[in-house]
Amino acid sequence: MNTRIADPGSARLAGVDLHALAAREGTPLYAYDAHALDARIDALRDGLHGRRARVCYAVKANSNRALLARIAAAGLGADIVSEGELRRALAAGFRASDIVFSGVGKTRMEIAAALEAGVGRFNAESREELGLLDALAAERGQVACVALRINPDVDALTHAKISTGKAENKFGIALDPARAIFREATRWPALRIDGLHAHIGSQLLSLDPIREAMARVAVFAGELRASGTALRSIDVGGGLGVCYREGQDHPPALSDYLATVFAAFDGFEGELVFEPGRWLVAEAGYLLARVVRVKQGSSRCFLVLDAAMNDLIRPSLYEAWHDIVSLVPQDRPMRVYDVVGPVCETGDTFARDRALAEVEEGDLVVLCGAGAYGMSMASTYNSRPLPAEVLLESGGYQLIRRRQTWEEMTAGECAPLERGTA
Ligand SMILES: Cc1ncc(COP(=O)(O)O)c(C=O)c1O
């Protein structure tokens with residue numbers, strides 16, 4: 001039995017009655033346990049205490065403004081990848097100087113907006129990006145701080161779609177061209193290129209690839225130091241994995257992860273930057289859904305929920321596992337279901353052959369570990385409005401995003417222009 005919902009029959013989470021919550025706010029509904037998020041923030045802060053280190057939360061994992069505001073208020077910085085995330089981060093209270101701007105395809109407009117805001121550091125991914133950033137910073141009379149994102153060519157041993165540190169991936173710069181960039185750094189007078197960045201992938205369940213990648217970055221940093229380039233920061237990215245499947249996933253302990261990074265950069269006098277996303281928010285989040293139908297097919301029993309791939313795409317996109325709990329008395333007989341959504345794609349499947357305490361139409365189920373890359377990847381596919389989000393705290397809750405209305409879903413769509421007038 002999944003222990004995240006201690007007593008599924010009584011269906012309480014963080015002291016909140018999920019039946020009453022679902023009746024009031026409707027389903028599908030994202031619910032985040034504020035205490036679980038705070039506990040992760042505190043653990044990180046404790047683990048970094050006394051170190052020259054900074055945490056920049058990867059906004060893409062979950063960009064809800066209330067969560068961002070909570071994370072900013074706790075003193076963390078932000079790792080952003082778009083102007084939209086920049087705007088969200090600033091609106092939520094992150095100081096611009098505590099923001100790092102990552103991403104392989106920053107546009108001219110996005111770079112200009114980030115310069116205007118005064119973001120602390122750009123994690124640059126190509127020589128071309130350096131040229132553009134230099135030109136835009138020079139135009140404004142600014143000097144931009146830059147870390148070069150290194151592609152260490154290490155297999156992160158994670159799903160291919162979230163592996164980012166192999167030579168064949170689009171991210172970062174290989175060591176040879178990176179070496180040349182540092183040698184020629186004066187070509188970009190409006191840039192201060194004095195940092196390294198590496199992010200090899202997400203949902204890392206083994207420390208080996210991290211150790212390997214960080215060793216390569218550390219050797220490179222040592223080489224730069226020997227040739228006279230003093231680095232001010234080394235950004236180790238995010239990627240620390242979480243437990244999606246109780247009893248099966250064994251992510252590294254935070255302390256072991258941090259010890260691995262500290263060991264790699266022992267003696268480094270600059271600042272270490274961490275960009276966790278998933279680790280901070282995934283396990284704090286739940287997607288609450290109602291059973292629309294139990295459909296007995298010719299060979300399989302389908303549990304059709306009112307949540308679908310548009311609400312939580314990870315299972316469809318990455319064959320990702322989410323523990324699922326039916327919020328019914330657990331002395332009901334167990335039954336094996338294919339848990340699916342109503343979207344018109346066979347890929348709209350949350351789980352196959354999943355044993356759950358038997359459910360009926362109208363019962364609630366909860367998908368665990370849904371706090372990261374859940375709502376932030378949601379869409380309105382099949383013209384399904386975006387779900388609502390709530391923050392559970394001290395036995396109560398706050399609505400932190402109301403359910404999208406039909407009008408909001410189609411707002412912005414216009415009547416076609418008359419032919420020939422474009
Ligand atoms: C540059 C960068 N940093 C940090 C992260 C966050 O990764 P995670 O959520 O696995 O911690 C990502 C995720 O894609 C990323 O691309």
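Below are the figures for this structure:
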quantity: Pair list, Cβ < 9 Å and 6+ apart or interchain, from region 4-30 residues that are at positive phi to residues that are polar (S, T, N, Q); calculated: Ala14/Ser394; Gly15/Ser394
quantity: Every residue from region 368-398 that is more than 16 Å from the ligand (Cβ to nearest atom) and touching a Pro at 6+ places or on another chain (Cβ under 9 Å); calculated: Ala378, Asn382, Arg384, Pro387, Ala388
quantity: Scan of region 49-82 for residues that are more than 16 Å from the ligand (Cβ to nearest atom) and either small (Gly, Ala, Ser) or more than 19 Å from Glu271 (Cα to Cα) (or both), ordered by number; calculated: Gly50, Arg65, Ala66, Ala69, Arg70, Ala72, Ala73, Ala74, Gly75
quantity: Qualifying residue in region 309-320 (condition: more than 16 Å from the ligand (Cβ to nearest atom) and touching a helix residue (DSSP H, G or I) at 6+ places or on another chain (Cβ under 9 Å)); calculated: yes
quantity: Residues of region 255-272 classified as in contact with a strand residue (DSSP E or B) (Cβ under 7 Å, 6 or more places away or on another chain) and touching a residue at least 60 places away in the same chain (Cβ under 8 Å), total; calculated: 3
quantity: Residue ID - nearest to Ala378 (Cα to Cα), chosen from residues in region 24-40 that are assigned to a helix (DSSP H, G or I) and acidic (Asp, Glu); calculated: Glu25
quantity: Answer residue from region 172-221, given it is under 16 Å from Ala263 (Cβ atoms), without any contact (Cβ under 8 Å) to a residue 60 or more places away in the chain and hydrophobic (A, V, I, L, M, F, W, C) and is nearest to the ligand (Cβ to nearest atom) among those; calculated: Ala198
quantity: Enumerated strands (runs of 3 or more DSSP E) restricted to region 263-376, each holding at least 3 residues that are closer than 30 Å to Ile210 by Cα; calculated: 271-274
quantity: Residues within region 226-262 that are assigned to a loop (DSSP other than H, G, I, E, B), buried (at least 17 other Cβ atoms within 10 Å of the Cβ) and within 16 Å of the ligand (Cβ to nearest atom), tallied; calculated: 10
quantity: Positions within region 100-122 being of a type outside the set (A, V, I, L, M) and either within 16 Å of the ligand (Cβ to nearest atom) or within 24 Å of the chain's Cα centre (by Cα) (or both), in sequence order; calculated: Phe101, Ser102, Gly103, Gly105, Lys106, Thr107, Glu110, Gly118, Gly120, Arg121, Phe122
quantity: Residue in region 123-130 that is within 20 Å of the chain's Cα centre (by Cα) and surrounded by fewer than 24 Cβ atoms within 10 Å (Cβ to Cβ) present; calculated: yes
quantity: Index of the failed condition, Tyr381 passing every other in (1) assigned to a strand (DSSP E or B); (2) under 26 Å from Leu67 (Cα atoms); calculated: (1)
quantity: Selection status of Leu13, surrounded by 14 or more Cβ atoms within 10 Å (Cβ to Cβ), over 26 Å from Glu246 (Cβ atoms) and out of contact with any Pro (no Cβ under 7 Å at 6 or more places or on another chain); calculated: no
quantity: Meets criteria (of a type in the set (Lys, Arg), over 19 Å from Leu196 (Cα atoms) and within 16 Å of the ligand (Cβ to nearest atom)) for Lys166; calculated: no
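Residue-by-condition table, conditions (1) without any contact (Cβ under 8 Å) to a residue 40 or more places away in the chain; (2) within 17 Å of the chain's Cα centre (by Cα); (3) assigned by TED's automatic domain parsing to the domain that holds Asp311:
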{"residue": "Lys60", "(1), (2), (3)": "no, yes, no"}
{"residue": "Arg65", "(1), (2), (3)": "no, yes, no"}
{"residue": "Asp79", "(1), (2), (3)": "no, yes, no"}
{"residue": "Gly84", "(1), (2), (3)": "yes, yes, no"}
{"residue": "Arg88", "(1), (2), (3)": "yes, yes, no"}
{"residue": "Ala91", "(1), (2), (3)": "yes, no, no"}
{"residue": "Ala96", "(1), (2), (3)": "yes, no, no"}
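The values are calculated or read from the model by the stated rules, or taken from the named source; none is laboratory data. As the structure is a prediction and not an experimental result, all values here were calculated from the model. Methodologically, a virtual Cβ is constructed for each residue, glycine included, from the backbone with ideal geometry; neighbour enumeration extends over all protein chains shown.
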